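Here is the structure we will look at.
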Amino acid sequence: MIKAENFVYYVGKNIYINLTNRCPCACTFCIRQNGDGAYGSGSLWLAREPSADEVLSAIAEKDLSEVSEFVFCGYGEPMERAEDVSYIGKELKRLYGKPVRLNTNGLSDLIHGKETAYLLEGAVDVVSISLNSGDEESYLKVTRPKFGKGSFEAMQKFAVDCKKYVPQVMFTVVDVIPEREIELSREISERLGITLRIRKYES
């Protein structure tokens with residue numbers, strides 16, 4: 001058995017689900033650059049990846065009476081396990097009727113070599129995608145994706161695809177990037193019809 005504390009944990013009134021250590025990016029501002037935990041959760045590093053059923057069992061043992069939302073967000077990129085996000089999300093909605101959010105870098109299609117947004121239909125209510133920058137050059141410097149050029153465009157395409165299957169899609173940028181990058185991010189968001197959220201950097 002593995003401890004549930006680092007793959008299912010509370011953040012305020014939300015339950016966060018940490019599925020994997022894997023991620024195709026090495027973002028300069030990521031929690032991974034500063035340690036192995038966040039939000040007072042302790043270490044988020046997984047000794048092994050929990051199965052979908054282990055995740056659901058761990059959640060069932062939690063007090064869910066005041067939980068507002070389930071969130072796929074952890075030490076790695078949740079969509080490395082896209083099929084499990086789909087399955088777990090649908091089960092959570094069926095069992096508990098609470099909103100489900102996915103925090104993602106938006107590179108799922110490149111990870112899997114195919115379109116993947118359709119997997120989120122009926123599984124996720126909100127998709128929050130890390131835009132990170134307003135142009136490709138800055139994006140590559142900040143995000144450092146292993147896929148290199150084309151990642152910025154692929155992330156935007158994934159976001160647009162998600163609008164077909166998910167009620168709410170948003171981009172996020174961290175407030176430490178230059179104001180000019182934030183303005184360019186706003187322009188992209190407006191052009192694609194996707195809300196932009198500027199979030200505070202958490203070290």
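A few notes on this one:
- Here residue 173 meets the list (1) buried (at least 18 other Cβ atoms within 10 Å of the Cβ); (2) under 26 Å from residue 55 (Cβ atoms); (3) at pLDDT below 95 almost entirely, failing just condition (2).
For every residue, the table says whether it meets (1) open to solvent by 50 Å² or more (accessible area, probe 1.4 Å); (2) in a strand (DSSP E or B); (3) touching a residue at least 40 places away in the same chain (Cβ under 8 Å).
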{"site": "133", "(1), (2), (3)": "no, no, yes"}
{"site": "137", "(1), (2), (3)": "yes, no, no"}
{"site": "140", "(1), (2), (3)": "no, no, no"}
{"site": "145", "(1), (2), (3)": "no, no, yes"}
{"site": "154", "(1), (2), (3)": "no, no, yes"}
{"site": "160", "(1), (2), (3)": "yes, no, no"}
{"site": "164", "(1), (2), (3)": "yes, no, yes"}
{"site": "183", "(1), (2), (3)": "yes, no, yes"}
{"site": "187", "(1), (2), (3)": "yes, no, yes"}
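- Of all residues in the range 96-131 being of a type in the set (Asp, Glu) and open to solvent by 50 Å² or more (accessible area, probe 1.4 Å), the one that is nearest to residue 56 (Cα to Cα): 121
- Flag if residue 93 is assigned to a loop (DSSP other than H, G, I, E, B), modelled with pLDDT of 95 or more, open to solvent by 10 Å² or more (accessible area, probe 1.4 Å) and not hydrophobic (A, V, I, L, M, F, W, C): no
- A count restricted to the range 96-119 and to residues that are touching a strand residue (DSSP E or B) at 6+ places or on another chain (Cβ under 9 Å) and assigned to a helix (DSSP H, G or I) stands at 2.
- Meets criteria (assigned to a loop (DSSP other than H, G, I, E, B) and modelled with pLDDT of 95 or more) for residue 67: yes
- Among the residues listed as 140, 192, the single one being closer than 29 Å to residue 89 by Cβ, over 16 Å from the mean Cα position of the chain (by Cα) and among the aliphatic types (A, V, I, L, M): 192
The values are calculated or read from the model by the stated rules, or taken from the named source; none is laboratory data. Since the model is a prediction, treat every value here as computed from it, not as a measurement. For neighbour counting, all protein chains shown are included, and Cβ atoms are generated from backbone atoms with ideal geometry for every residue, glycine included. The accessibility values were calculated without ligands, DNA or RNA, using every heavy atom of the protein model including side chains. Shrake-Rupley method; radii C 1.70, N 1.55, O 1.52, S 1.80 Å.
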